[in-house]
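Trainee: After the structure tokens below, expect a handful of questions from me.
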Amino acid sequence: MTFHLVKLEEHLGESVASSERAKVRKKFSWDNLEVNLYLFEEGERFYIDAAGECGLKTYVVIEGSLYNIETMRTLEAGDLLVVDGTQDVLHFDALEHTTIMIHSYGKSLFGTWEKAKREIDQVMDRIQMRDSYTREHCNRVFDYVSELGRRLGLKGQELYSLDKAARFHDIGKVYIEDSILNKRGKLSEEEYEIMKGHAILGKELILENFSEEIYRIIALHHERLDGSGYPAGLKGDEIPLCGRILTVCDCFDAMTTSRIYKEAKTPEQAIQELKDSEEKFDRDVVLALEQVVKGQKWMQEETGE
Ligand SMILES: [Fe+2]
Ligand SMILES: [Fe+2]
């Protein structure tokens, strides 16, 4: 029998990198086994996708604790989680400063995460080049959507798809010409019609990087419950919860940020306006957003920001 003793502190010093979400402290690869340490700060979120691409993975919590949305269980230091590729996406919230060790057997987990990150960065760069507001707007909408999705009970693949859709919901704007996209002032009727096309443009780009489901949610982000939205003019139950959440968060962020042609509303004014438009926006979603906004305000008052 061959016996190898590996002291992580001595062997894993060479690689420091970041995945989409976490800091990768150290990486160790050996044949088809890879060991990574991931660091999360309190409040950071991450997901584990189905392990099919990477083979078997085991996760050990070294320090700190994590809450798993899907099982509603807390993993603490010493807990072990084995993911065998047959399950749905798992979402975690770091409850404190947390380190997890991931053993990945088969395809490199680190390589897979890095590849995904590169692709996402390329897509985001394409948005940034055309319109920097849109990228920041997409990131803020992602934060609201991610919180609301959890509060409203979404889990697994559905939550994963909603998060990704939020991050890229306005990606179709890269196909709208500059004179319309960055126009200082109100769009003409004809220009507005062209602008509306952004809700469904970019299908190929999305499908190259993500799934059909994510594209479907993106295409819902300008629909309204009373059928007055676009592109399909869907009504009521034809708009699933994911679409309702994305719609409310998208409008809220647009209302609370200033542009050259309009002043920003306060979060309270925006919430009230959304509540007053009950025929267009899902009331339960708006009420959940109100709780998030109140929580943020309370935190800002506490920290004096
Ligand atoms: Fe949009
Ligand atoms: Fe948007």
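We did not get these values from a lab; they are worked out from the coordinates using the rules stated. This is a predicted model, so every value here is computed, not measured. Heads up, the Cβs are rebuilt from the backbone with ideal geometry, glycines too, and the neighbour counts pull from every protein chain shown.
Trainee: Between Ile180 and Glu278, how high is the FRET efficiency from 1/(1 + (r/R0)^6) when r is the Cβ-Cβ distance and R₀ = 35 Å? Nearest 0.05.
Mentor: Values: r = 31 Å, r/R0 = 0.90.
The value I calculate is 0.65.
Trainee: Using θ = phi - 60° and the Karplus relation 6.51 cos²θ - 1.76 cosθ + 1.60, list the HN-Hα couplings for region 135-152 in order, rounded to whole Hz, with x at every Gly or Pro.
Mentor: Per residue, the Karplus-derived 3J(HN,Hα) values read 5, 5, 4, 4, 5, 5, 4, 4, 4, 5, 4, 4, 5, 5, x, 5, 4, 8 Hz.
Trainee: Which chymotrypsin sites (Phe, Trp or Tyr not before Pro) from region 234-295 combine a DSSP loop assignment with at most 11 other Cβ atoms within 10 Å?
Mentor: On the way: sites: Phe252, Tyr261, Phe281; in loops: Tyr261, Phe281.
Of the chymotrypsin sites (Phe, Trp or Tyr not before Pro), the ones in loops of region 234-295 whose Cβ has at most 11 other Cβ atoms within 10 Å are Tyr261.
Trainee: Among Lys155/Lys262; Lys203/Lys235; Lys186/Lys280; Lys203/Lys294, which pairs are too far apart, with a Cα-Cα distance over 26 Å? Please list the in-between numbers first.
Mentor: Details: Lys155/Lys262 37 Å; Lys203/Lys235 23 Å; Lys186/Lys280 23 Å; Lys203/Lys294 36 Å.
Distance filter (> 26 Å) returns Lys155/Lys262; Lys203/Lys294.
Trainee: Moving to a separate point now. For Leu287 and Tyr105, calculate 0.36 nm times their separation in residues minus their Cα-Cα distance, and state this gained length in nm to one decimal. Display every interim value, and only then the final one.
Mentor: Details: separation 182, 0.36 × 182 = 65.52 nm, distance 4.43 nm.
Stretched fully, the Leu287-Tyr105 segment lengthens by 61.1 nm.
Trainee: For region 232-248, list residues with backbone N below 19 Å from a point placed 7 Å from the Cα of Gln296 toward its Cβ?
Mentor: Counting backbone N atoms under 19 Å from the label point, the list is 244-248.
Trainee: Of Glu263, Glu223, Glu70, how do they rank once you tally other Cβ atoms within 10 Å and put the fewest first?
Mentor: On the way: Glu263 7, Glu223 24, Glu70 16.
Neighbour counts put them in this order, fewest first: Glu263, Glu70, Glu223.
Trainee: Got a sec? How would Lys294, Lys265, Lys186 order by Cβ neighbour count within 10 Å, fewest to most? Intermediate values should be presented prior to the final figure.
Mentor: On the way: Lys294 13, Lys265 17, Lys186 9.
Placing the least packed residue first, the sequence is Lys186, Lys294, Lys265.
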